[in-house]
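S.K.: Okay, here's the structure, questions in a sec.
The values are calculated or read from the model by the stated rules, or taken from the named source; none is laboratory data. What you are looking at is a predicted structure, and each value in this text was computed from that prediction instead of being measured. Note: ideal-geometry Cβ built from the backbone for every residue, glycine included; neighbour counts use all protein chains shown. Just the protein is used for accessible areas: all its heavy atoms, side chains included, with ligands, DNA and RNA removed. Shrake-Rupley method; radii C 1.70, N 1.55, O 1.52, S 1.80 Å.
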Amino acid sequence: MANNSVSYTGVKNSVAETNHEGDFGCSVKELRSLMELRGAEGLHKIQDCYGDVQGLCTRLKTSPVEGLSGNPADIERRQTVFGQNFIPPKKPKTFLQLVWEALQDVTLIILEIAAIISLGLSFYRPPGGGTETCATAAGGVEDEGEAEAGWIEGVAILLSVICVVLVTAFNDWSKEKQFRGLQSRIEQEQKFTVVRGGQVIQIPVADIVVGDIAQVKYGDLLPADGVLIQGNDLKIDESSLTGESDHVKKTLDKDPLLLSGTHVMEGSGKMVVTAVGVNSQTGIIFTLLGSGDDEEKEKEKEEKEKKKDKKGKKQDGTVENRNKAKAQDGAAMEMQPLKSEEGIDGDDAKEKKKANLPKKEKSVLQGKLTKLAVQIGKAGLVMSAITVIILVLYFVIDTFWVQQLPWLKECTPVYIQYFVKFFIIGVTVLVVAVPEGLPLAVTISLAYSVKKMMKDNNLVRHLDACETMGNATAICSDKTGTLTMNRMTVVQVYVADKHYRKVPEPDLMPDKTLDLLVNGIAVNCAYTTKILPPEKEGGLPRHVGNKTECALLSFTLDLKKDYQAVRNEIPEENLYKVYTFNSVRKSMSTVLKNTDGSYRMFSKGASEIILKKCVKILNSDGESKVFRPRDRDDMVKKVIEPMASEGLRTICIAYRDFPAGELEPEWENENAILNSLTCICVVGIEDPVRPEVPDAIKKCQRAGITVRMVTGDNINTARAIATKCGILHPGDDFLCLEGKEFNRRIRNEKGEIEQERIDKIWPKLRVLARSSPTDKHTLVKGIIDSTVVEQRQVVAVTGDGTNDGPALKKADVGFAMGIAGTDVAKEASDIILTDDNFSSIVKAVMWGRNVYDSISKFLQFQLTVNVVAVIVAFTGACITQDSPLKAVQMLWVNLIMDTFASLALATEPPTESLLLRRPYGRNKPLISRTMMKNILGHGVYQLTVIFTLLFVGEKIFDIDSGRHAPLHAPPSEHYTIVFNTFVMMQLFNEINARKIHGERNVFEGIYNNPIFCSIVIGTFIIQIIIVQFGGKPFSCIGLSIDQWLWCIFLGIGALLWGQLIATIPTSRLKFLKEAGHGTQKDEIPDEELEEDMEEIDHAERELRRGQILWFRGLNRIQTQMDVVNAFQSGSSFQGALRRQPSIASQHHDIRVVNAFRSSLYEGLEKPESRSSIHNFMTHPEFRIEDSEPHIPLIDDTDAEDDAPTKRNSSSPRSCSPPPSPNKNNNAVDSGIHLAIDISKSATSSSPGSPLHSLETSL
């Protein structure tokens, strides 16, 4: 190593100064200052200092063609001299800091103060013997020994506070650790392509060193700074560093500097790496930010200046940094979406700002929870205040009024001790009332889900995305790679005037055509795309790079030609000009310069686009003949449409020669260049549907989620694939639009997008073909902002390309593809699908709904305990002057309720049944009426038991009464039994809380959740220890075996009582209210009515079965009467009625349902109705919860019922029949949406039939 540095020593005097940088011809400092220049300045600097890029490579001892040698010693030396490509993350919070944060909780502080006062007073012995006179006040003189033990209560409270704090801190700490693990996992997965030793290899981003030759291509996020060596049409989005939204064109002669953290939007090229890690442009910014906590404010400023934050330097470990910063607000952070992910692109910054609001505020769930917690907290505060006031008043009146004792000076401390005791009781009531477990439950539930979702191939980047997914009502999915396997193969070809249904033998083609075809494919596909031998014997060959290009390359191999030979002959450096593929061009062209000075250009692209530019076509002899527009239309009809209708993607391959003698063509004028082409062939590429997709889509539709396909393919291909997947069902009334048509319909005369116009389209739109990224963004935004339906739609979007970034950001949940996705897409997304599979999205929905349900279960349990404990403490304190549940016992109950219950109930695994109901709306209250029924029902049982034990327990068990005990009296058996029974009832009620929709079998699937079982058993064991050996601190005394059995028996009673509650139909209990609504603009007035039907209530279901039969009889009579009336009203319907008997009777079903509307019949399932409509596939499975009055069935996407006026006045649409003017349906109040929807789908199935008019008359 030493000797080769010698030759360099003379290069620059600076070498002497920079100690061990002597090995290389330039120092870190020089390179850093070079990268800080932009455009022309940078170019001059390179020319002045190094001559050209070649000179720079020589200085860095690397070869532009071969790359670095890859010798470990060399790599290591480069890392020591120029640094590693890694930005050290901010230090995480220490455990102690987290403890300190947990201590900031208000209730805990109140408790701590109370405990300390209590402790202080217990050690304070009043002087003199005057105590007796005062102490009699509350009856009974205390023993000396008892007085000694006064400190126990204070210490015990402090201990339990410490417990709570440690649990919270540990939770935060483990969450942070998990999050770091997740980040580092994301980082390790990130690879980048470099050339080493002449071989193109992929290495982890952190291993890139200065001097590496890196290949950059469309969609990359640059991991380090570098200088361009060779580029094709390279355009970079530098907005993350400069804030300029325009793409910057990079060329060798104008602007060769590439900066880390910027996105490649178009083209490809090679660069030599000049700065990594903390020395790169991004690294410099990050070191400025990360140098201390006081920099947080600066960071905000920086972010504003940059308009779009420095996200995306994922490689450099900076995402970690960012999350560190996020974690600064400790416990608070657990719930907030990570702010800095909201990158704001310069151009649509304003719109993005709006879009970001919901993400910035809080997730829906969190909004509801905060609201609920505040409500409960207020109630608790009021209760505790009343308790304290009553106790104090009672004591004062009793002592100074009734007993007429004077206030003695020496008695003051004793009185104060009493007051402190009252205060502690008040605080206990408050502590029990406030559900501190809520944040814990949410955190545990989300963290657990995120961990488990990793196994289901969902890598969650933002915690709240997980829960938002449960509310999703629409999924806009890409086709390629998500719904299909993304393993493209050419299956049909039109070449030499013949349409081959399978790949032809090479000898069937003229040699000239074959040569052109093979050259056109080999040269005009990105050189990074290749077909490699299979990894294991007998496997399929591996496709690397763009999948469509892989299909074409495999096609040349099928023709027994070797594309690699052509590439070796014409290396990438010799390509004269490349027009790379982008979403606007939808084609790619490569120009070669021949030896005689002429040029030949090969083009390939979407067939309808390329064929429009063709003026000639190769015939069966390989000669070119004229290709007129008429021939083109013929070809479209006979070749392209049949291919597309079978779901094939059609690609046209063409070429053009520029003769030598003429002027050199104007290469920048693309339209002139890409014209007068000669068509070589058209190929049909098949991308088979993933086998598990149709089933997954069916599940989504059953769960009330509309799946829409947004693709760049042509409309026939898209329609064919959509039918295969089950997005479209034959005979349905749905729209399939092309991007152009979509844009025409949503824009007004001035070309502005109008929300009303989008609202007319999206409910029926199922396939959007030939769409540009902006169309996707427009559609997503249109659906989210739409007000046609009662509920705001929650939209999930999948995307893989760089151009999907805006749509992924705009959506409520963005899914990026882990395998095919570009870095840009991953950065913009919330969840990364590590297997690119649509069925993983269904898993995400399941987990999201599960989070919601887990939290509801926890709430149901928690609130029952809260209600009971508060009432017991309150009444007990007022009647017996002493809470039957002591402060320490309350804290233990709190620990069971909060920490353990949240662990147990938040880790319930999801079941398939979660997918059988509609999504909850954003306004659906957290506590539904069924849950309210359960909470109050169990509350009544528990209160009855406890008060019975409290006031007559001593008689039943024949023990001493524990009431009216003096201040430091020893614990009594009586109160121990009360406490023990209370805890037993909670334990068994925890099992009841596992079901929240009123199901009967609460044990179902209990063994699938080991955590739950172990917690219940563990709590039970600890309870035994507390009661038998807890003694003074827990105010407990050992119980005999039969007393224990009684306690357990009363506990098990809760399970039996639960069965009784499940039998009462919720709808009969009109007085129940829900709590914890989402924040909404205008509260919906008839909330209760809505709730009745929105919930599944198993008790109601049982009652309904009998009534169905009764209905059928009435149906018949009513039908006959109605038919007679219909006939009288006009004979024009006779034909219609004869033709459509089943549908007509359907309408009468509706009439009858309307006639017998009552709270019981609303969700009625009508058996006959199912068979008669062939397009009932829109609801593959019908369940009672489908009848939500305010929410139209999302699957039908017939929002017309909700907005008859808006919709019916709309101009008739070209594809779907005009909406029927269903006056009578609108007259019925929203009680039975279900019925109306059926009539809708019935009519839509036969748009032309006279039934439309029949419906109005009915």
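S.K.: Please work out if Val493 is open to solvent by 20 Å² or more (accessible area, probe 1.4 Å), touching a residue at least 12 places away in the same chain (Cβ under 8 Å) and not in a helix (DSSP H, G or I).
M.R.: no
S.K.: When the residues of region 620-639 are narrowed to those that are part of a strand (DSSP E or B) and of a type outside the set (Lys, Arg), which ends up least open to solvent (accessible area, probe 1.4 Å)?
M.R.: Ser624
S.K.: Considering (1) in contact with a helix residue (DSSP H, G or I) (Cβ under 9 Å, 6 or more places away or on another chain); (2) part of a loop (DSSP other than H, G, I, E, B); (3) open to solvent by less than 70 Å² (accessible area, probe 1.4 Å); (4) of a type outside the set (A, V, I, L, M, F, W, C), say which one Gly597 fails and leave the rest.
M.R.: (1)
S.K.: Looking at region 787-829 only, could you name the residues that are of a type in the set (D, E, K, R) and within 22 Å of Thr484 (Cα to Cα)?
M.R.: Once the filter is applied, which keeps residues that are of a type in the set (D, E, K, R) and within 22 Å of Thr484 (Cα to Cα), region 787-829 yields Asp800, Asp804, Asp823, Lys826.
S.K.: Scan region 32-58 for residues that are out of contact with any Lys or Arg (no Cβ under 8 Å at 6 or more places or on another chain) and open to solvent by less than 40 Å² (accessible area, probe 1.4 Å) and jot them down.
M.R.: The answer is Met35, Gly42, Ile46, Val53, Gly55, Leu56, Cys57.
S.K.: Then there is this: When only residues in region 740-772 that are surrounded by fewer than 20 Cβ atoms within 10 Å (Cβ to Cβ) and more than 22 Å from Thr787 (Cβ to Cβ) count, which is nearest to the chain's Cα centre (by Cα)?
M.R.: Looking at the filtered set, the residue picked out is Ser772.
For (1) surrounded by fewer than 22 Cβ atoms within 10 Å (Cβ to Cβ); (2) within 30 Å of Gly782 (Cβ to Cβ), each residue gets a yes or a no:
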| residue | (1), (2) |
| --- | --- |
| Met469 | no, yes |
| Ser477 | no, yes |
| Thr484 | no, yes |
| Met488 | no, no |
| Glu505 | yes, no |
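S.K.: While we're on this one: Give the residues of region 801-827 that are open to solvent by 10 Å² or more (accessible area, probe 1.4 Å) and closer than 22 Å to Gly470 by Cα, sorted by residue number.
M.R.: Lys809, Lys810, Asp812, Gly818, Lys826
S.K.: So, one more: Can you tell me which residues in region 47-70 are closer than 19 Å to Lys250 by Cα and in contact with a strand residue (DSSP E or B) (Cβ under 7 Å, 6 or more places away or on another chain)?
M.R.: Those that are closer than 19 Å to Lys250 by Cα and in contact with a strand residue (DSSP E or B) (Cβ under 7 Å, 6 or more places away or on another chain): Val53, Leu56, Cys57, Pro64.
S.K.: Kindly evaluate Glu608 against the criterion of being modelled with pLDDT under 90, in a loop (DSSP other than H, G, I, E, B) and surrounded by fewer than 18 Cβ atoms within 10 Å (Cβ to Cβ).
M.R.: no
S.K.: Considering only region 589-615, state which residues are of a type in the set (Ser, Thr, Tyr) and touching a strand residue (DSSP E or B) at 6+ places or on another chain (Cβ under 7 Å).
M.R.: Within region 589-615, Ser589, Thr590, Ser598, Tyr599, Ser603, Ser607 qualify.
S.K.: Can you tell me which condition Leu808 does not meet? The list is (1) assigned to a helix (DSSP H, G or I); (2) among the aliphatic types (A, V, I, L, M); (3) in contact (Cβ under 8 Å) with a residue 60 or more places away in the chain, and all the others hold.
M.R.: Only one criterion in (1) assigned to a helix (DSSP H, G or I); (2) among the aliphatic types (A, V, I, L, M); (3) in contact (Cβ under 8 Å) with a residue 60 or more places away in the chain is unmet by Leu808, namely (3).
S.K.: Separate question: With Gly712, Gly704 as the choices, which residue is in a loop (DSSP other than H, G, I, E, B) and either modelled with pLDDT of 90 or more or farther than 24 Å from Gly684 by Cβ (or both)?
M.R.: Matching residue, one of Gly712, Gly704: Gly704.
S.K.: Sticking with this structure for a sec: For region 711-729, indicate whether the set of residues that are farther than 14 Å from Cys476 by Cβ, open to solvent by 30 Å² or more (accessible area, probe 1.4 Å) and of a type in the set (Asp, Glu) is non-empty.
M.R.: No.
S.K.: Okay, next question. Is there any pair linking a residue in region 844-866 that is free of Cβ contacts under 8 Å to residues at least 40 places away in the same chain and more than 30 Å from Ile832 (Cβ to Cβ) to one that is among the β-branched types (Val, Ile, Thr) and surrounded by 24 or more Cβ atoms within 10 Å (Cβ to Cβ), with Cβ under 9 Å and at least six apart or on different chains, and which?
M.R.: none
S.K.: Sticking with this one: Would you mind finding the one in Thr948, Thr981, Thr944, Thr930 that is open to solvent by less than 10 Å² (accessible area, probe 1.4 Å), more than 30 Å from Val851 (Cβ to Cβ) and not small (Gly, Ala, Ser)?
M.R.: The unique qualifying residue is Thr981.
S.K.: Condition check: modelled with pLDDT of 85 or more, out of contact with any His (no Cβ under 9 Å at 6 or more places or on another chain), open to solvent by 20 Å² or more (accessible area, probe 1.4 Å) and charged (D, E, K, R). Does Lys12 satisfy that?
M.R.: no
S.K.: Of everything in region 687-701, what is of a type in the set (D, E, K, R) and not in a helix (DSSP H, G or I)? Give them in sequence order.
M.R.: Passing the criteria: Asp687, Arg690, Glu692.
S.K.: Tell me which residues, restricted to region 896-926, are at pLDDT below 85 and either open to solvent by 30 Å² or more (accessible area, probe 1.4 Å) or in a helix (DSSP H, G or I) (or both).
M.R.: Ile896, Met897, Asp898, Thr899, Phe900, Ala901, Ser902, Leu903, Ala906, Arg922, Asn923
S.K.: Tell me yes or no: at least one residue of region 789-804 is outside any helix (DSSP H, G or I) and free of Cβ contacts under 8 Å to residues at least 40 places away in the same chain.
M.R.: Taking every residue of region 789-804 in turn, none turns out to be outside any helix (DSSP H, G or I) and free of Cβ contacts under 8 Å to residues at least 40 places away in the same chain.
S.K.: Can you tell me which residue among Ile996, Ile991, Ile1017, Ile1026 is over 38 Å from the mean Cα position of the chain (by Cα) and either among the aliphatic types (A, V, I, L, M) or crowded, with 21+ Cβ neighbours inside 10 Å (or both)?
M.R.: Just a single option satisfies the conditions, and that option is Ile1026.
S.K.: Additional query: Out of all the residues in region 192-200, is one or more of a type in the set (Val, Ile, Thr), crowded, with 21+ Cβ neighbours inside 10 Å, part of a strand (DSSP E or B) and at pLDDT 85 or above?
M.R.: yes
S.K.: Now for a different question. Taking the conditions exactly as written (hydrophobic (A, V, I, L, M, F, W, C), in a helix (DSSP H, G or I) and either open to solvent by 20 Å² or more (accessible area, probe 1.4 Å) or modelled with pLDDT under 85 (or both)), does Ala877 satisfy them or not?
M.R.: yes
S.K.: Mind checking which residues of region 519-534 are closer than 30 Å to Gly231 by Cα and open to solvent by 10 Å² or more (accessible area, probe 1.4 Å)?
M.R.: Matches in region 519-534: Asn519, Ala526, Tyr527, Thr528, Lys530, Ile531, Leu532, Pro533.
S.K.: Same structure, new question: Here are some residues: Val952, Val945. Which one is closer than 30 Å to Lys421 by Cα, at pLDDT 90 or above and not charged (D, E, K, R)?
M.R.: Unique residue meeting the criteria: Val945.
S.K.: Something else now. Say we look at region 640-658 and pick out the residues that are at pLDDT 90 or above and part of a helix (DSSP H, G or I); which of these is most open to solvent (accessible area, probe 1.4 Å)?
M.R.: Checked region 640-658; the qualifying residue most open to solvent (accessible area, probe 1.4 Å) is Glu641.
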